[in-house]
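Beneath this line is the structure, given in structure tokens, with notes to follow.
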Amino acid sequence: MDHRPQAWGRPRDDVYGAYDASYLHTNGPKTATQSPIVTGTSVIALKFKDGVVMAADNLASYGSLARFTDVKRLRPFLSTSVVGFGGDVSDMQFLDRHLTELAIDEAYEHDNTSSSSETPATAGQLNAANLHKYLSKLMYRRRNSFDPLWNQILVAGFDSSSTPFLASVDLRGTTFTSPSLASGFGAMLAQPIMRRHAATEEDAAKLTRDEAVAIVRECMKVLFYRDARSLDKYSIAVVTRDGVELSEEEQLEKQSWAFAERIRGYGTQTV
Amino acid sequence: MTSIGTGYDLANSIFSPDGRNFQVEYAVKAVENGGTSIGIRCKDGVVLAVEKVVTSKLLKAGANKRIATIDRHLGIVYSGMIPDGRHFIDRARDEARAWRDTFKTPIPTADLASRMGGYMQAYTLYQSVRPFGITAIIGGFDSTSEAPVDGEVGAGPSCGAGGKVPGKTYGGPFLYMVEPSGLYWGYYGAATGKGRQAAKAELEKLDLGGPAGPSLTLEQAVKEAARIIYVSHDDSKDKEFELEMTWISGADGPTKGLHREVPKELREEAERLAKKALEDDEDDEDEEEEKMEE
């Protein structure tokens, strides 16, 4: 009997043959962070006349298991911007804590209530455009050290000229900007719907807040119908010059699954 | 001046035979030359104020802030040597950040005071350093409700973090003052700097202590703080000064639990009232003098 600690808890060699310990001493680089574990699905966002709407469902999946059902993936920053995270949830937590530190650093330098006439966007505070630039540099640096943060991030808010701002950055540091953006499955399912309403910046600048919110809610419904890693509970954030309104307890309403009758080819249908 | 050091004041780590550390006492003198700072702990928050002596007309008005934000809910004001204060602020920010790194939660005011007290005290122990030439007033508002942990993604257990006794209140406004010796106490109202005697006398008149807690509200405290700074200002020593004030309320108050500068409108109103109160006092004194002469 082998009593060495290395053998504790392992199958007996005399019964099962020599133990395959090759996985214990790999000499390659650390790979633990090179694939996502607990993940969030799509984040979608749409610009309108005086701001941006963003939405993401409250699900964190463990593979195909709907593991955590009250995960808040939209994070306000300095009450002037919103950051939406798709992808790995632990990397999101890391970034969220990092952004908290950043926000406290901002509080050292600026005081946005010293004069009521100044809006936060013009008070020299870190705005959404600055924040997006910062995150894109951070993500690109991490991918170059082969330790990427496995997220696709949407940043919504205002730029230095106080116009609505929306941009994304992914785990490779790729940046993209558009009047409407969607990450993950949403890029296939929600993006075409949003483009139908706001193909260009000019179109988006004509949308009212209520219209934009309605479009985004419709997209969340389509995503729940078609994306198997999604949930009917979601969060929606509206960024305007007055600040961020975040609601984390939204429920999809007026669902209609009639279309499901016509779908053939999945699962165990016999006809 | 206290008695002369007679050789026992040349180094930090040496006591005099009658048990005094002269270097620390000299540091206190440095504080007593600085502009007055005060802190008031009231019913729903903390107010910090400082008399910022204008040393040159070439300095921009309202620039060079003297009250610093440490974490979102914490502010520090100090009297004495400003570079020493700046370093103290840097250290306090490091401590607050280190606390967040470890516990993923904001540092309670009491713990920051304890750490900064310890830091200050270490500068009374070694030959190679001198004590801080400042006395700092630390104000903070610890969250009274169940606050989320930094980076928390879910709602957490519905019973909260646990370890809390029902019926007991947690968090609230706190005020501490740290002296060059490293000594720190919690206060209802604190004053330091050149006008501390007059300021303390005024603070004692306010309803800050008592078993039911302070009855003073945040807005009243702002006005009292402005008045006390004006009362304790000595015109014969420095002509010009600026009043700088910050406040911290709870989550349901005007600053939403954050350490913020008092809005310009409110500060100017408080200054107007302070000047008026001073003039009224002077009038009263004049009348009394006239009566005496009669």
Item to complete: Counting only residues that are within 9 Å of another protein chain (Cβ to nearest Cβ) and surrounded by fewer than 21 Cβ atoms within 10 Å (Cβ to Cβ), give me the strands (runs of 3 or more DSSP E) lying completely in region A:64-104 with at least 1 of them.
Response: A:65-68
Worksheet item: From the set of residues in region B:142-157 that are under 23 Å from B:ARG260 (Cβ atoms) and within 14 Å of another protein chain (Cβ to nearest Cβ), which is most open to solvent (accessible area, probe 1.4 Å)?
Response: B:PRO148
Practice prompt. For region B:45-56, state whether one or more residues are open to solvent by less than 40 Å² (accessible area, probe 1.4 Å) and within 14 Å of chain A (Cβ to nearest Cβ).
Written response: yes
Worksheet item: Conditions: (1) β-branched (Val, Ile, Thr); (2) at pLDDT below 95; (3) not in a loop (DSSP other than H, G, I, E, B). B:THR6 meets all but one. Number of the miss?
Response: (3)
Worksheet entry | Yes/no for A:GLU202 being in contact with a strand residue (DSSP E or B) (Cβ under 9 Å, 6 or more places away or on another chain), charged (D, E, K, R) and surrounded by fewer than 22 Cβ atoms within 10 Å (Cβ to Cβ) | no
Fill in: Every residue from region B:248-266 that is more than 16 Å from B:ARG72 (Cβ to Cβ) and more than 9 Å from every other protein chain (Cβ to nearest Cβ)
B:LEU266
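Is it the case that some residue within region B:110-121 is in contact with a Pro (Cβ under 8 Å, 6 or more places away or on another chain) and at negative phi? Explain how you work it out, then say what you get.
Let us first name the residues in region B:110-121 that are in contact with a Pro (Cβ under 8 Å, 6 or more places away or on another chain), namely B:120.
Subsequent filtering for residues that are at negative phi retains B:120.
Yes, the conditions are met somewhere in region B:110-121.
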Practice prompt. Name the one entry in B:ALA191, B:ALA212 that is loosely packed, with under 15 Cβ neighbours inside 10 Å and aliphatic (A, V, I, L, M).
Written response: B:ALA212
Worksheet item: Which one is least open to solvent (accessible area, probe 1.4 Å), of the residues in region B:57-87 that are assigned to a loop (DSSP other than H, G, I, E, B), under 27 Å from B:LYS256 (Cα atoms) and without any contact (Cβ under 8 Å) to a residue 24 or more places away in the chain?
Response: B:ALA63
Discussion item. Looking at region A:179-190 only, could you name the residues that are in contact (Cβ under 8 Å) with a residue 12 or more places away in the chain, part of a helix (DSSP H, G or I) and surrounded by fewer than 22 Cβ atoms within 10 Å (Cβ to Cβ)?
Written reply: A:ALA187, A:LEU189
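Would you check which residues across region B:126-141 are outside any loop (DSSP other than H, G, I, E, B) and either closer than 30 Å to B:ASP252 by Cβ or open to solvent by 20 Å² or more (accessible area, probe 1.4 Å) (or both) and list them?
Step one: filter region B:126-141 for residues outside any loop (DSSP other than H, G, I, E, B), giving B:134-141.
B:ALA136, B:ILE137, B:ILE138, B:GLY139, B:GLY140, B:PHE141 - these are the residues of region B:126-141 that are outside any loop (DSSP other than H, G, I, E, B) and either closer than 30 Å to B:ASP252 by Cβ or open to solvent by 20 Å² or more (accessible area, probe 1.4 Å) (or both).
The values are calculated or read from the model by the stated rules, or taken from the named source; none is laboratory data. Since the model is a prediction, treat every value here as computed from it, not as a measurement. Glycine also receives a Cβ, built like all others from the backbone with ideal geometry; neighbour counts cover every protein chain displayed. What goes into the accessible areas is simple: the full protein's heavy atoms, side chains included, and nothing from ligands, DNA or RNA. Shrake-Rupley method; radii C 1.70, N 1.55, O 1.52, S 1.80 Å.
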